[in-house]
Amino acid sequence: MRVTAVWGVRGAAAVLTAVGLGHTLWSGVAEPGAALAFGTLIAVGELARRADGGDRQPAPLGSAGALAYALLGQNAGQPTHHGVFQIVAVVVAAALLGIVPHVARGRGPAVDHLSRRVLTVAFAAACFQPLYNSGRLEERVGQGPYLVLFLVCLLGLTALCDAVLAAALAGARTGWPYGPLLRDELRAQLGIGAAICATGVVMALGVAVAGLWALPVFSVPLLLTQLSFHRITAIRTTYRQTITSLARATEIAGYTRPGHARRVAALSCAVGRELGLSERELTVLEYAALMHDIGQLSLVDPVPDGATAQLPAAEARRIAGLGGEVARQTGVPAEVAVVVERQADPYREQPALARIVRTVNAYDDLAGGRRHPGGSLAALERLRLGTGHDYQPEVVESLARVLARGGRDRVVPAPPG
């Protein structure tokens, strides 16, 4: 089913692309000046994309330009006659031209991203162009504020379409539950997605009144926004690397087994995905899981193998409390320190994220770091026996499902901010 979803999206995009290019080559390009201007804008947007693909919208300027071309009805007061197939052809050709330098460096965008771009632009164009070209749109909504309202509603539907496609592709690729993925995609649309849609509408309306000179004017704010997002992403990456380095202090000092913090963080995030946590919750969970053993640095005598899950309850809570104090002094968000501090409490008294950290940490301690599901049966059985007091049953069963899939789920969420 997952493979079918991926190939269905890619196949639909490929068919649209082939039909669009073929139709445009056969019938010629209508309004070549406008096609060249919007194509240049889309290509520049792709050239300015993040090379690491870390953003949900790595090329917002190109996305806004594509949407604006799909919603273009007039050019300096003169009606346009380009259709849906030409829009698809121009968007694909310009995007491919813009990503050539990235492909040459081995860092081109994923096929799924280009497929989403084709399908969402085609959706917006198919909803707008036939109504406009037939004259029914002007008859029903005119050229005033009702037209703007129509375009905003249409872009809302387009954003929903893009979120549905993105969640479906992510679910097929990772195996994570579809509902939380769709929720995260919709939430992301309220950020840079809203800026893209708004800029697309403004570009289309600006060109309708002032002509193609409006394109560079309205492109500058979004380009500056994109540069700001790049800087924020770089800061977040550095922040996460700092947290990871702090987490390795217990390994370097010999308090915990090599790779323990990274294993607990990866499995905790996978369990959090399975339970439907949001991106921000997953970020807090990952940081807390990375730092969950940092309290052991305050001990004079290390815990054997760093296995705090097998300590008496009072001692485990004391070490967790020390870890919370250390975490606060490092400047991490307060909720991260709370999870570290409360990880050893009985699960009914814990925050939800602390329940996940406690369960996954105990599993890794009991399993001795083994990753193959066959070697974890005894550890899982021990966890199930402790569900009356120590471990939440839902978390234990989610962990079992993740391990059954191979335990390799991974998430790199954005830092809390």
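The values are calculated or read from the model by the stated rules, or taken from the named source; none is laboratory data. As the structure is a computational prediction, the values presented were derived from the model and not from experiment. Here the Cβ is made from the backbone with ideal geometry for all residues, glycine too, and neighbour counts use every protein chain on show. Keep in mind that these areas ignore ligands, DNA and RNA; they rest on the heavy atoms of the full protein, side chains included. Shrake-Rupley method; radii C 1.70, N 1.55, O 1.52, S 1.80 Å.
Worth a mention:
- Q143 being farther than 20 Å from S63 by Cα, at pLDDT below 80 and touching a helix residue (DSSP H, G or I) at 6+ places or on another chain (Cβ under 9 Å): yes
- Flag for G53 being within 27 Å of the chain's Cα centre (by Cα), crowded, with 24+ Cβ neighbours inside 10 Å and modelled with pLDDT under 90: no
- Residues within the stretch 310-367 that are among the hydrophobic types (A, V, I, L, M, F, W, C) and within 15 Å of V271 (Cβ to Cβ), tallied: 9
- The single residue among A95, A124 that is of a type in the set (A, V, I, L, M, F, W, C), open to solvent by less than 20 Å² (accessible area, probe 1.4 Å) and touching a Gly at 6+ places or on another chain (Cβ under 8 Å) turns out to be A95.
- Selected residue (criterion: nearest to the chain's Cα centre (by Cα)) from residues of the stretch 4-22 that are at pLDDT 90 or above and surrounded by 17 or more Cβ atoms within 10 Å (Cβ to Cβ): A13
- Members of the stretch 144-165 found to be in contact (Cβ under 8 Å) with a residue 60 or more places away in the chain and either in a loop (DSSP other than H, G, I, E, B) or farther than 18 Å from L205 by Cβ (or both), listed by number: L165
- L72 vs. criteria assigned to a helix (DSSP H, G or I) and modelled with pLDDT of 85 or more: no
- The set of residues from the stretch 376-400 being of a type outside the set (F, W, Y), in a loop (DSSP other than H, G, I, E, B) and closer than 22 Å to R273 by Cα comprises T387, D390, Q392.
- Considering the stretch 243-287, and only residues there that are part of a loop (DSSP other than H, G, I, E, B) and closer than 21 Å to R173 by Cβ, the residue that is most open to solvent (accessible area, probe 1.4 Å) turns out to be L275.
- In the stretch 130-143, the residues that are over 23 Å from A64 (Cβ atoms) and open to solvent by less than 80 Å² (accessible area, probe 1.4 Å): S134, G135, G142
- The residue that is nearest to A367 (Cα to Cα), among those in the stretch 326-347 that are in contact (Cβ under 8 Å) with a residue 24 or more places away in the chain and not aliphatic (A, V, I, L, M), is Q343.
- When the stretch 177-223 is limited to residues that are in a helix (DSSP H, G or I), small (G, A, S) and more than 14 Å from P60 (Cβ to Cβ), the one that is most open to solvent (accessible area, probe 1.4 Å) turns out to be A210.
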